[in-house]
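Asker: Before I ask anything, let me first share the structure, which is written out below as C-alpha cells.
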Amino acid sequence: MIYEASCEVRNSIVFATIIIVLVFIPLFALGGIEGRILAPLGIAYIVSIMGSLLVSLTVTPALASYLLPKAKFMEREKDSPLVRFLKYLDREWVLKHTLRHPMITILVAMSLLAAAVGVMLQFGREFLPPFNEGSVTINLLQLPGTSLKESNRIGTIAERLLKEIPEVEQTGRRTGRAEQDEHAEGVHSTEIEVELKESGRAREKILGDVREKLGQLPGVVVNIGQPISHRIDHLLSGIRAQIAVKLFGNDLATLRDKAEEIRGAMSDVPGVVDLFVEQQVLIPQTRIEIDRGKAQKYGLKVGEVAEVLETTLNGQVVGEVLEGQRRFDLVVKFPDEARNDLNSLNDVLIDTPEGNLIPLRTVANVIEGRGPNQILRENVQRRIVIQSNVSGRDLNSVVTDIQKRINEHVKLPEGYFITYGGQFESQQQAMKLISILSIFSLAGMFIVLYAHFKSAPIVIQILMNIPFALIGAVVGIWITGGVASVASMVAFIALCGIASRNGIMMLSHYMHLMRYEGEKFDRQMIIRGSLERLVPVLMTAGAAALALIPLMLAKGEPGKEILYPIAVVVFSGLISSTLLDIFVTPAVFWKFTGRSVEKLFRAECPEELPRIFPEKYGVK
C-alpha cells in the first residue's frame with residue numbers, strides 16, 4: 001500500500017519541485033546590490049526544497065512502513081470531526097454549487113483577478129524596503145573652502161541640537177576625510193553618526209525632528225540617511241541619496257544655472273527631503289596658457305614647457321633620504337609663497353635647445369581668475385547632480401512627479417540631457433530584468449508540465465493558479481501600505497512555484513482516479529478527487545502559512561526589513577491560491593478539460609475510453 005501510494009504522488013512531487021526551482025531562475029540573474037542580498041534566499045530555498053524532495057522519496061516511505069501500522073488513528077475508519085466538517089463544507093457548499101454553475105465560478109474568479117490587477121497598477125514602487133538600522137548617518141556640507149575651525153564649530157552646534165531630541169542616545173562626528181581615503185572629502189564636509197534609543201514614536205517623526213533642528217544651521221546642506229542605506233546609495237549611483245538627478249552638458253556655468261532650476265522644480269514635490277545641488281563654487285585659480293607659436297620660435301615643445309611647470313608647481317622626486325629604517329622622497333619644487341605669486345611664476349626659467357634660459361612669460365600667459373572648485377565627469381561627460389531623499393511617499397511616485405515637474409518647468413539647451421539614478425534606476429532595471437526572465441521561467445514551467453501531463457489545456461489550467469495567487473498577494477501588499485519593492489517581486493516568484501504545486505497534485509489525482517481506480521469523467525469523480533486532496537492541500541498551505549507568521553509579526557524590527565514583505569506576499573498569496581484552487585480548479589476541469597482528457601487517454605489507453613466516457617460512447 002505504501003509503495004503504491006508513493007508511486008502515485010512521486011511524479012507529481014518531482015515535477016512540482018522542478019517547477020519551484022525553475023521559478024527562481026530570474027532571482028540569480030539579478031546583479032548589483034539586489035542580487036547580493038536576495039540570491040542567498042533563493043539558494044537556501046532551493047537547497048531546502050531539494051532536501052525535502054529527497055526525504056519525501058526515501059525517508060518518509062520507510063518511516064511510514066514502520067510507524068503507520070502501529071498508529072492509533074489507522075484503526076479508525078472515519079475521519080476526525082474537524083476533517084469531516086471541512087469535507088462537508090467542501091462537498092455541500094462548494095463543489096455542488098461550483099460544478100452545477102462552473103461558468104459563474106470562473107467569472108467571479110476572473111473578476112477578482114481583474115480587480116487585483118487594477119489595484120496593483122496603483123501601487124507605489126521602491127527599490128528595497130526601508131531599513132531600520134537603529135542609527136542615523138547625517139552629512140553636513142558647507143561651502144568648499146570653509147576652515148577646519150569653522151567646520152568643527154558648526155559640527156559641535158549640530159551635535160548639541162541633536163541631543164535635544166529625546167531619542168538621541170549618543171553621537172559621533174568626523175569632519176573631512178584624508179586624501180588617501182577612498183572617499184576623500186574636504187574639511188567642509190562633516191559626518192555625524194547618531195545612535196537612537198527605542199521609542200514609541202514613529203521613525204519618520206524622529207527624522208522630521210532631526211531635519212527641523214539641523215535646519216536652524218544657516219548655509220549648511222543636510223543629508224540624512226542610515227549607515228548601510230547610505231553606502232547602498234553610494235554604490236548604486238556614487239551619490240549618498242536615494243534620488244540622483246544627473247544633468248550633463250559642456251558649459252559649467254550653464255550646468256550650474258540649470259541645476260538650480262531643476263532644484264527649484266523639485267522643491268515643490270511632496271515627499272522630497274534633503275534636497276540640494278552638488279556643490280560647485282568659484283574659487284581663485286591661476287591658469288597658465290602656453291602659446292604654441294612662441295614656444296616653437298624658441299625650439300620648445302608644449303610638453304617640455306608643461307614638464308617644467310609640473311616640476312615647479314607639483315614637485316619632482318630626485319632622490320631619497322634615509323633616516324634609520326625609514327625612507328623619505330626628496331622632492332624639488334617652488335616654495336609655497338613663490339607658487340602663489342604671479343611674478344615668481346612669470347619669472348620661472350626654461351631651458352631652450354640652444355642652452356639659453358628664458359622666462360616663462362616669453363612663451364606663456366599667466367592669468368589669475370576664478371574657476372569651479374571641482375569638475376566631475378561621468379562617461380567622459382561633464383555633469384552636476386541634484387540629489388534628494390524621500391520621506392512619507394514611495395520612491396517611484398516621487399520620481400514620477402519629479403520628472404513631470406522638470407519636463408514642465410525646465411528647458412534644456414541643445415546638447416544637455418538628464419538621467420535619473422540612485423535607487424530609482426536600480427529598481428527600474430531590476431523590475432525589467434525580472435519581468436523578462438519570468439517569461440522564460442514560465443516557458444520552462446510549461447515545457448516541464450507538458451512532459452508530465454502531455455496536454456496543453458491541462459498545463460494551462462495548472463498555471464492558472466499563478467494569477468489566483470496574485471489576488472492574495474495584492475491584498476497583502478495593499479493592507480501593509482500599498483508599496484511594492486524588488487523583495488515583493490521575489491516573493492511572488494516563490495509563490496508561483498508553491499501555487500502551481502497544488503494544481504499539479506489535484507489534477508494528477510483526477511487522472512489517477514480515472515486511469516487506475518475505475519472512475520468515470522463525471523461530477524462524482526471530481527467530488528471524490530477534490531475531497532481526497534482537500535486535507536493534504538490545506539495541511540501544506542497551513543504549515544507554510546504558520547511558518548511565515550513570526551516574520552509577519554516582526555514588522556519594523558532591524559534585520560527583518562526584506563523578509564517582512566516576502567512573508568506578507570507569500571502568506572496572503574498562499575491563502576488566495578489555496579481557496580481559489582478549491583473553488584475554481586474543479587469547475588474549470590469539469591467545464592473545459594473533458595476533451596483534453598479524452599484526447600490524452602485515446603493516445604495512451606484507447607480501450608479505456610468507453611469506461612471513462614460511457615455516455616459519449618453509448619455504454620450503459
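All of the numbers you see were taken from the coordinates with simple rules; none came from a lab. Owing to the predicted nature of the structure, the values given are computational and were not obtained by experimental measurement. Ideal geometry is used to build each Cβ from the backbone, glycine not excepted, and the neighbour counts take in all protein chains shown.
Asker: Between Val187 and residues 5 or more places away or on another chain, which pairs have amide H atoms under 5 Å apart, with H built 1.01 Å from N, and which residues are they?
Answerer: It is none; the list stays empty.
Asker: For the chain, give me the percentage of DSSP beta bridges that are antiparallel, rounded to the nearest 5 percent.
Answerer: On the way: 57 of 59 bridges.
That works out to approximately 95 percent antiparallel.
Asker: Between the range 594-611 and the range 273-307, what is the separation of their alpha carbon centroids in Å?
Answerer: The range 594-611 and the range 273-307 have Cα centres separated by 86 Å.
Asker: Sorted by average packing, counted as other Cβ atoms within 10 angstrom per residue and highest first, what order do 281-293, 217-229 take?
Answerer: Highest-to-lowest ranking by the protection proxy: 217-229, 281-293.
Asker: Cα atoms only: what Rg and Dmax, in Å, come out for the chain?
Answerer: 35.3, 122
Asker: With the convex hull built on the Cα atoms of the range 412-542, state its orientation-averaged projected area in nm².
Answerer: Reported value for the Cα convex hull: 12.2 nm².
Asker: Residue-wise, which Karplus ³J(HN,Hα) couplings in Hz belong to the range 428-437, taking 6.51 cos²θ - 1.76 cosθ + 1.60, θ = phi - 60°, and x for glycine or proline?
Answerer: These are the phi-based 3J(HN,Hα) values: 5, 5, 5, 4, 5, 5, 4, 5, 5, 5 Hz.
Asker: Which residues' amide hydrogens lie under 5 Å from the amide hydrogen of Val410, considering only partners 5 or more residues apart or on another chain, with H built in the peptide plane?
Answerer: Amide H to amide H, under 5 Å and 5 or more residues apart or across chains, Val410 pairs with nothing.
Asker: Hey, what do the phi angles of the range 253-262 turn into as Karplus ³J(HN,Hα) couplings, whole Hz, using 6.51/-1.76/1.60 and θ = phi - 60°, x for Gly and Pro?
Answerer: Once θ is set to phi - 60°, the couplings for the range 253-262 become 5, 5, 4, 5, 5, 5, 4, 5, 5, 5 Hz.
Asker: When you take every Cα atom in the range 2-86, what is the radius of gyration, and what is Dmax, the widest Cα pair distance, in Å?
Answerer: Gyration radius and largest Cα-Cα distance of the range 2-86: 18.7, 58 Å.
Asker: Right, another one. From Cα coordinates alone, what are the radius of gyration and Dmax values for the range 283-372 in angstrom?
Answerer: For the range 283-372, the Cα radius of gyration and maximum Cα-Cα distance read 15.5, 51 Å.
Asker: So for the range 239-392, what are the equivalent ellipsoid semi-axes in whole Å, largest first, each being the square root of 5 times an eigenvalue of the Cα gyration tensor?
Answerer: Those come to 43, 22, 13 Å.
Asker: Given the pairs Lys454/Lys591; Lys591/Lys616; Lys149/Lys258; Lys197/Lys560; Lys87/Lys599, which span a C-alpha to C-alpha distance of over 22 angstrom in this model?
Answerer: Going by Cα-Cα distance, Lys149/Lys258; Lys87/Lys599 fall outside the 22 Å limit.
Asker: On to the next question. Under the Karplus relation 6.51 cos²θ - 1.76 cosθ + 1.60, θ = phi - 60°, what is the ordered set of whole-Hz ³J(HN,Hα) values for the range 10-16, x standing for Gly and Pro?
Answerer: Per residue, the Karplus-derived 3J(HN,Hα) values read 4, 4, 5, 5, 5, 5, 5 Hz.
Asker: Assign unit charges at the C-beta atoms only (+1 for Lys and Arg, -1 for Asp and Glu), then state the dipole size of the chain relative to its Cα centre in Debye, rounded to the nearest 20.
Answerer: 2780 debye
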